[in-house]
């Protein structure tokens, strides 16, 4: 299954919209909301009816409960395949190299799996056989970005053939702009069956938009990059777009919509992820909170700290009930 991503466009989910039954959808949402405690829901906003220009207005998607998720077949880490492998594609200056290292660190703490960065794979502009590039039509050009790479070709010609044996997922990351088919650009393209994806980060930086760099540009770029990494890797592990809460797994049709979503997974998506990973929730939140604090993502760090306090209180209450029951 191949998924085109316009800030996370999953094609098969859009197709499912034709078969949505409103009454079934409402019933599923009601059951899911009822399963989330007030403490778990704290800090998260339920999704409102979508407006024109928003993802769910254009691509209405089915609601998936935790029980439905666990009944589906999807990638799970195994003893032999449990590494998140990041593959740099094309030139990376010192700033982008540091960003990749930050993303490697983030992948490890967010998914509680080992992660590594492979040696940079060179992208050649002069290989007519692979048809890797095209010139951007003049009206669509942004500053010096006049060339785009074909995301389909990057997957088929470069990445699928090189999936490391120990890779749970293999993520190609580039600072080049990319496109797919007749779409003017995409932020990424994923092949779920082959466990590979290719993602472009160039539109996350002000230079692409011919804007002046602000003091918070690096943190903004890191926040956006963390979102695309946890979102797309979440897809690789079988998570669909979230239709319950404002969540990093929301679909997005614009950079504005992506910026409006949090970097966190909501209680529903987090429960699915923890089931797939089989990791310790408290340890995971501790390490993610430390990452945010270390990298100046202050709002995110404060949110994680609050989530940790709530989780620890809940765990203590469970332990006390267990002692009383004994």
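In table form, for the structure just shown:
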| item | result |
| --- | --- |
| Residue in region 274-292 that is in contact with a helix residue (DSSP H, G or I) (Cβ under 6 Å, 6 or more places away or on another chain), crowded, with 22+ Cβ neighbours inside 10 Å and closer than 29 Å to residue 143 by Cα present | no |
| Any hit, region 99-107, residues being assigned by TED's automatic domain parsing to the domain that holds residue 238, without any contact (Cβ under 8 Å) to a residue 40 or more places away in the chain and touching a strand residue (DSSP E or B) at 6+ places or on another chain (Cβ under 6 Å) | yes |
| Residue in region 125-133 that is free of Cβ contacts under 8 Å to residues at least 24 places away in the same chain, more than 18 Å from the chain's Cα centre (by Cα), in the same structural domain as residue 233 (by TED's automatic domain parsing) and crowded, with 20+ Cβ neighbours inside 10 Å present | yes |
| Those residues of region 293-316 which are loosely packed, with under 15 Cβ neighbours inside 10 Å and assigned to a loop (DSSP other than H, G, I, E, B), in sequence order | 296 |
| Where residue 8 falls short, out of the listed (1) touching a helix residue (DSSP H, G or I) at 6+ places or on another chain (Cβ under 6 Å); (2) at pLDDT 95 or above | (2) |
| Some residue of region 104-111 being more than 17 Å from the chain's Cα centre (by Cα) and within 22 Å of residue 169 (Cβ to Cβ) | no |
| Residues (in a helix (DSSP H, G or I) and either touching a helix residue (DSSP H, G or I) at 6+ places or on another chain (Cβ under 6 Å) or surrounded by 22 or more Cβ atoms within 10 Å (Cβ to Cβ) (or both)) located in region 191-221 | 202, 204, 206, 208, 217, 221 |
| Verdict on residue 186 being at pLDDT below 90, surrounded by 19 or more Cβ atoms within 10 Å (Cβ to Cβ) and farther than 21 Å from residue 111 by Cβ | yes |
| Selection from region 251-268 of residues that are in contact with a helix residue (DSSP H, G or I) (Cβ under 8 Å, 6 or more places away or on another chain), assigned to a helix (DSSP H, G or I) and more than 12 Å from residue 44 (Cα to Cα) | 255, 257, 258, 259 |
| Members of region 238-276 that are without any contact (Cβ under 8 Å) to a residue 24 or more places away in the chain and farther than 22 Å from residue 308 by Cα | 256, 260 |
| Checklist (1) more than 19 Å from the chain's Cα centre (by Cα); (2) in a helix (DSSP H, G or I) applied to residue 184, failing item | (2) |
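The values are calculated or read from the model by the stated rules, or taken from the named source; none is laboratory data. Predicted, not measured: the structure shown is a model, and the values here were computed from it. Note that each Cβ is placed from the backbone with ideal geometry, even for glycine, and that neighbours are counted across all protein chains shown.
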